[in-house]
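What follows is calculated from the coordinates using simple rules that are stated; it is not laboratory data. These numbers were taken from a predicted model, which means no experiment stands behind them. Cβ atoms come from the backbone with ideal geometry, glycine included; neighbour counts cover every protein chain shown.
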Amino acid sequence: MTRQAEEIELLSRIELGLDAERFMMSNLGKSIVKRASIEVNEALMALKAVDCNDSRAIRELQTKIEVAELGIVYLLESINAGSVAEEQINNNQE
């Protein structure tokens, strides 16, 4: 990859990270994070009470938790990747 192509890739990651950060700070983003948190907490409470021999119910609750957390994880990973890309660009300019 050429230096110019690498810089374009880094700038794209920065922009995506900033977009993700703005989204999480928006009313919609905050609402989604709150709903996901509620879903996780409800599933955790149900998981504590489920019959330990009911493997199907346990799997369903685990899946519910994973799905609720996954979108937030993707957003946080995008934000982190943008921060790392910004550091790389700053280091390249020094």
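For the reader, a short list of remarks on this structure follows.
- The modelled label-to-label distance between Glu86 and Ser31, using points 7 Å beyond Cα along the C-beta direction, is 2.7 nm.
- Tilt relative to the chain, helix 3-25 - C-alpha long axis, 0 to 90 degrees, to 10: 40
- Mean Cβ count within 10 Å, highest first, over the residues of peptides 15-25, 45-55, 83-93: 15-25, 83-93, 45-55
- Based on C-alpha pairs under 8 angstrom that are at least 6 apart in sequence, segment 3-93 has a relative contact order of 51 percent.
- HN-Hα J in Hz across segment 53-63 - Karplus 6.51, -1.76, 1.60, θ = phi - 60°, x for Gly and Pro: 8, 8, 5, 5, 5, 4, 4, 4, 5, 4, 5
- Modelled spin-label separation between Ser12 and Leu76, with each label point placed 7 Å from Cα along the Cα-to-Cβ direction: 2.6 nm.
- Reach of Lys64 by Cα under 16 Å, taken over lysines that are not fewer than 8 positions away in the same chain: Lys34, Lys48
- For segment 72-85, backbone phi angles converted through the Karplus equation (6.51, -1.76, 1.60; θ = phi - 60°) give residue-by-residue couplings of 5, 4, 4, 5, 5, 5, 5, 4, 5, 4, x, 5, 5, 4 Hz, Gly and Pro being listed as x.
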